[in-house]
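Heads up, the thing below is written out as structure tokens.
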Amino acid sequence: MSKRLRKQLGACAAVIAVALFAYASPPLFIALVILLVACGLYDFSRNGTLEPAIVKKYFLGGGRNTWALAPFNTLIDLFSRRNRHIYALDELPPACQQEIEQVIQRSMRHKAEIVEYLDSRMQNDKRGMLFFQWYGRKNDCGLSIPELQQPLEYVKTIGVSVFNDNQSTSFHFGPLRMMLRVLYNISPPRHSPGVYIQVKRHKHYWHDDPLFIFDDTLLHASFNKGGGKRYCLFIDIIRPSPAHRLLNMLVLGFSRLVFGLRKTFYKNWKAID
């Protein structure tokens, strides 16, 4: 069965399921539609744009999974501290800052072997991703660095992303707001205006600061134009929240449900094992 046919059958099945649900319980269906639309509008408004192409991308394109999860993400917002969208390290809880710095220091001690391992497996691939742990669960990969696979209180994902030269991502939205994304460029260029990450309208250049922390459910894209290979630590941390234990339980529960499917979250990347 072709990939296109599978998508068409899946879409048909989804339409039939929605139609049956609407027929079986019209009031509940209408309430859920209102909730989904309201949360989606709130979620999208955080991007600060009404550009038609971005509206279409969020509601009908690659962002539709983020839209589907908008009610859940909105609930997470209610349990969490104010979302700053882009963070400085000192705006995070002290214990979280310490863990991030610890992971960076440990990773930099192994920088040479990490880079060598990635280079040996990238060849002509555009982008690659290596995980040491994902959503709080250890990931057994070909490069064993035990100190990057130890459980931590705030840091739940540790990996390294690599871009070959002149490779970029498209603008996209991450799915879940239980965590924040921390990137640390382990080999920042001295000065390269084509090597940066953009979140909404903000551009962060790696030659200015190797560390960048942001909410990845916002519209963002990474660019690596003319700077050689780009290697970034790829870290997810639990959002600052008075309900830290609850968020921690949700993250671990999510990982148990979908750990085996984690590669599908990065289907446009080469999964490096």
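Consider Thr49 against the criteria (1) assigned to a helix (DSSP H, G or I); (2) among the β-branched types (Val, Ile, Thr); (3) farther than 14 Å from Gly174 by Cβ: it satisfies all of them except one. Which criterion is unmet?
For Thr49, the failing item is (1).
Can you confirm whether Leu246 is in contact (Cβ under 8 Å) with a residue 60 or more places away in the chain and part of a loop (DSSP other than H, G, I, E, B)? If you could, list the steps in order and put the result at the bottom.
Working: in contact (Cβ under 8 Å) with a residue 60 or more places away in the chain: yes; part of a loop (DSSP other than H, G, I, E, B): no.
No, not satisfied.
Where in region 122-196 are there strands (runs of 3 or more DSSP E), lying fully within it, with 2 or more residues that are modelled with pLDDT of 95 or more and surrounded by 23 or more Cβ atoms within 10 Å (Cβ to Cβ)?
Numbers: elements: 127-134, 155-163, 179-185.
Fully inside region 122-196 and qualifying: 155-163, 179-185.
Identify, please: which residue in region 212-227 is among the hydrophobic types (A, V, I, L, M, F, W, C) and assigned to a loop (DSSP other than H, G, I, E, B) and is, among those, farthest from Gln97 (Cα to Cα)?
Our first condition is that a residue be among the hydrophobic types (A, V, I, L, M, F, W, C); within region 212-227, this holds for 212-214, 218-219, 221, 223.
Then drop every residue that is not assigned to a loop (DSSP other than H, G, I, E, B), which leaves 218-219.
On the way: Leu218: 22, Leu219: 25 Å.
Out of the qualifying residues, it is Leu219.
Restricting to region 197-233, name every residue that is small (Gly, Ala, Ser) and either at pLDDT 95 or above or within 25 Å of Gly63 (Cβ to Cβ) (or both). Step through it out loud before you land on a result.
Just the residues of region 197-233 that are small (Gly, Ala, Ser), to begin with: 221-222, 226-228.
Listed by number, the residues that qualify are Ala221, Ser222.
Are there any pairs, at least 6 apart or on different chains, whose C-beta atoms fall under 7 Å, with the first in region 77-88 and of a type in the set (Lys, Arg) and the second surrounded by 14 or more Cβ atoms within 10 Å (Cβ to Cβ), and if so, which?
Arg81/Pro240; Arg81/Ser241
Against the definition (farther than 30 Å from Tyr42 by Cα and in contact with an Asp or Glu (Cβ under 9 Å, 6 or more places away or on another chain)), how does Gln149 come out, yes or no?
Working: farther than 30 Å from Tyr42 by Cα: yes; in contact with an Asp or Glu (Cβ under 9 Å, 6 or more places away or on another chain): yes.
Considered against the rule, which asks whether it is farther than 30 Å from Tyr42 by Cα and in contact with an Asp or Glu (Cβ under 9 Å, 6 or more places away or on another chain), Gln149 comes out as yes.
How many of the residues making up region 54-111 are under 30 Å from Ile145 (Cα atoms) and among the charged types (D, E, K, R)? Walk me through it before giving the result.
Taking region 54-111 first, the residues under 30 Å from Ile145 (Cα atoms) are 86-111.
Checking the rest, the ones that are also among the charged types (D, E, K, R) come to 90-91, 99, 101, 106, 109, 111.
Total satisfying the criteria: 7.
So for region 68-78 (the condition being surrounded by fewer than 16 Cβ atoms within 10 Å (Cβ to Cβ), outside the structural domain of Leu176 (by TED's automatic domain parsing) and closer than 30 Å to Pro210 by Cβ), does at least one residue qualify?
Checked against the condition, which is being surrounded by fewer than 16 Cβ atoms within 10 Å (Cβ to Cβ), outside the structural domain of Leu176 (by TED's automatic domain parsing) and closer than 30 Å to Pro210 by Cβ, region 68-78 yields no hits at all.
For Asp209, all conditions in the list (1) surrounded by 21 or more Cβ atoms within 10 Å (Cβ to Cβ); (2) of a type outside the set (Ser, Thr, Tyr); (3) assigned to a loop (DSSP other than H, G, I, E, B) hold save one; what is the number of the exception?
For Asp209, the failing item is (1).
From Tyr58, Tyr42, which residue is more than 18 Å from the chain's Cα centre (by Cα), among the aromatic types (Phe, Trp, Tyr) and either outside the structural domain of Leu176 (by TED's automatic domain parsing) or outside any helix (DSSP H, G or I) (or both)?
Details: Tyr58 fails: more than 18 Å from the chain's Cα centre (by Cα).
Going through Tyr58, Tyr42 in turn, the sole match is Tyr42.
Quick grid of which residues meet (1) within 25 Å of Gly174 (Cα to Cα); (2) at pLDDT 60 or above:
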{"residue": "Leu9", "(1), (2)": "no, no"}
{"residue": "Leu20", "(1), (2)": "no, yes"}
{"residue": "Leu28", "(1), (2)": "no, yes"}
{"residue": "Ile34", "(1), (2)": "yes, yes"}
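Taking only region 74-121 into account, find how many residues are outside any helix (DSSP H, G or I) and at negative phi. Lay out the reasoning, then the answer.
Residues of region 74-121 that are outside any helix (DSSP H, G or I), as a first pass: 79-88, 92-93, 110.
Retained after the next criterion (residues that are at negative phi): 79-84, 86-88, 92-93, 110.
Number satisfying all stated conditions: 12.
Can you name every residue in region 167-206 that is of a type in the set (A, V, I, L, M, F, W, C) and under 11 Å from the mean Cα position of the chain (by Cα)?
Initially, region 167-206 is screened for residues of a type in the set (A, V, I, L, M, F, W, C), giving 171, 173, 176, 178-180, 182-183, 186, 195, 197, 199, 206.
Scanning region 167-206 gives Phe173, Leu176, Met178, Met179, Leu180, Val182, Leu183.
Does Leu257 satisfy the condition of being under 26 Å from Thr74 (Cα atoms) and within 16 Å of the chain's Cα centre (by Cα)?
Values: under 26 Å from Thr74 (Cα atoms): yes; within 16 Å of the chain's Cα centre (by Cα): no.
So Leu257 fails the test.
The values are calculated or read from the model by the stated rules, or taken from the named source; none is laboratory data. Quick caveat: nothing in here was measured; it's all calculated off a predicted structure. Virtual Cβ from ideal backbone geometry, glycine too; neighbours counted across all protein chains shown.
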